[in-house]
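Here's the structure we're looking at; comments come further down.
The values are calculated or read from the model by the stated rules, or taken from the named source; none is laboratory data. All of these numbers come straight from a predicted model, not from anything done at the bench. No Cβ is skipped: glycine too gets one built from the backbone with ideal geometry, and neighbour counts run over all protein chains shown. Side chains are part of the model used for accessible areas, which takes the heavy atoms of the whole protein and leaves out ligands, DNA and RNA. Shrake-Rupley method; radii C 1.70, N 1.55, O 1.52, S 1.80 Å.
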Amino acid sequence: MQYAYARVRSIERKAVEKDVDASAELAGIKYVNLTEPAELDLAKQLIRYGEAIKTAVADYRPNYLTAYLYDLAGKFSSFYTTCPVLGGR
């Protein structure tokens, strides 16, 4: 999970270096076309965030959230490896 976090921070740093305004880039998007399987897998995992939180809270089982985050890190790593971000690495 720490490695996935480090990758996300690296993307953020590179965006700043390239003067990419993420808010402006995302502002006009009305729909997302996910063409790569890794993109779709990551999106599906992200959508489950609310469910993971509710389940962890309802059952007093923080390990549900930990398992979700572990799976999310794996999906993000697959996405990062497969899909170029900011025009490459």
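Annotations
- Assessment of region 47-61 against the conditions (out of contact with any His (no Cβ under 7 Å at 6 or more places or on another chain), surrounded by fewer than 12 Cβ atoms within 10 Å (Cβ to Cβ), aliphatic (A, V, I, L, M) and not in a loop (DSSP other than H, G, I, E, B)) yields at least one matching residue.
- Cβ-Cβ under 7 Å pairs, at least 6 apart or on other chains, region 17-34 side farther than 14 Å from residue 86 by Cβ and without any contact (Cβ under 8 Å) to a residue 40 or more places away in the chain, far side of a type in the set (A, V, I, L, M) and open to solvent by less than 90 Å² (accessible area, probe 1.4 Å): 34/40; 34/43
- Total residues in region 45-66, condition touching a helix residue (DSSP H, G or I) at 6+ places or on another chain (Cβ under 8 Å) and among the aliphatic types (A, V, I, L, M): 5
- Residue tally, condition open to solvent by 70 Å² or more (accessible area, probe 1.4 Å) and among the aromatic types (Phe, Trp, Tyr), over region 62-89: 2
- Conditions (1) in a helix (DSSP H, G or I); (2) open to solvent by less than 80 Å² (accessible area, probe 1.4 Å); (3) out of contact with any helix residue (DSSP H, G or I) (no Cβ under 6 Å at 6 or more places or on another chain); number of the one not met by residue 42: (3)
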